[in-house]
Amino acid sequence: MTLDSDGLRRPPEHLSWSQVSVLDHTMPFGCARSWAIERILGVPYEPSAAMRLGSAFDQAVNTLFIERASRKGDLAAPLLLDDALEVLNRELGIAFDALTDDEERRTLAAASAMAAASLEQYAVLHANTPVLTTQREVGWWVDEIKVIGYIDRVDLGPTITDLKVTGRSKKRRDGTWDEEQTLQWYWQLAFYAVALESEVLDSGQEFAWPVAAQVDQVVLRAGQAKPSIDTWPCVIEEHAKATVQQMVRRAWSLARSGRYPANPGPKCGNCGVRDICRSIQAANEPDFAVAWARTR
């Protein structure tokens, strides 16, 4: 990324969902300050054990679907599972070696014990799912703003699916789901639906609303007795497109404003840059670059 004359990184040339969701304070977990500390200041951020575990599992699942498409086999077939398990174990090994914190290493090792069994169950659950594409990159425009997205899976329909690996289920014991989390999921899936519409229309094909979408939640945690996989479904209506476009505009405006306000809340307890954030806040200066300069 190019640096400005003051040594800070320039704002992005495009936006992804991960950026929009953090920059837009209407999102439950949004915080422009944490984004700027990582992206503008370039403060190193080490992915947590949970993030590395999720990435490893995601790559293994992607291998399952790619192998099924190339070999025209059942997802639960031993040969396909062997390939996916090999990817899972390789990525978990890489993740373990990359972690520098002993506690994080123990967390990864403990949660990884259920990963293979969960992968096998996921393969059985989706043995006959009519998959069109996996890890689909889509690009579109809102005004002059370039937007990109990576959809985990698009099934016949289409149905948009995002895979979430978590250490704590967002589904309650009474069968209801955490509303704050599902709000975040809904708008992520709506973001992908708008992107998919743009791509389909650009190719000269027809696109019909509403769009079916879902999150496949896989729980992986220490001490887990058996695999835990649930699906949260939703329907994206066409009127969501206007809201998505407004979210992109707000995020873009804030990303280029030079002012990155904090959005305090419970999420601050797990934030890896909270100490830097507090120092910047103490400077009592709205301009981010000036506030950062005063802390040094």
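Pairs meeting the criteria (first residue in segment 9-33 and in contact (Cβ under 8 Å) with a residue 24 or more places away in the chain and surrounded by 15 or more Cβ atoms within 10 Å (Cβ to Cβ), second residue in a loop (DSSP other than H, G, I, E, B) and acidic (Asp, Glu), beta carbons under 7 Å, at least 6 apart or on different chains) are Gly30/Asp24.
Anything in segment 142-156 that is touching a Ser or Thr at 6+ places or on another chain (Cβ under 9 Å) and surrounded by 12 or more Cβ atoms within 10 Å (Cβ to Cβ)? List them, or say none. Residues satisfying the conditions are Val147, Ile148, Gly149, Tyr150, Ile151, Asp152, Arg153, Val154, Asp155.
When Pro44 is tested against (1) surrounded by fewer than 20 Cβ atoms within 10 Å (Cβ to Cβ); (2) under 20 Å from the mean Cα position of the chain (by Cα); (3) assigned to a helix (DSSP H, G or I); (4) without any contact (Cβ under 8 Å) to a residue 40 or more places away in the chain, only condition (3) is not met. Among the residues of segment 157-213, count how many are in contact with a strand residue (DSSP E or B) (Cβ under 9 Å, 6 or more places away or on another chain), surrounded by fewer than 14 Cβ atoms within 10 Å (Cβ to Cβ) and hydrophobic (A, V, I, L, M, F, W, C). Looking only at that region, the number is 1.
Being surrounded by 19 or more Cβ atoms within 10 Å (Cβ to Cβ), over 30 Å from Ala289 (Cβ atoms) and of a type in the set (A, V, I, L, M) is a property that holds for Ala240. Among the residues of segment 32-41, the one identified as touching a helix residue (DSSP H, G or I) at 6+ places or on another chain (Cβ under 6 Å) and over 14 Å from Ser257 (Cα atoms) is Ile37.
Here the helices (runs of 4 or more DSSP H) wholly within segment 208-296 that include at least 3 residues being farther than 30 Å from Ala110 by Cα, under 24 Å from the mean Cα position of the chain (by Cα) and not small (Gly, Ala, Ser) are 240-255.
Taken together, the values in this text are just the output of simple stated rules run on the coordinates, not laboratory data. Please read these numbers as outputs of a predicted model, since none were measured by experiment. When we count neighbours, we look across all protein chains shown, and the Cβ atoms used for this are built from the backbone with ideal geometry, even at glycine.
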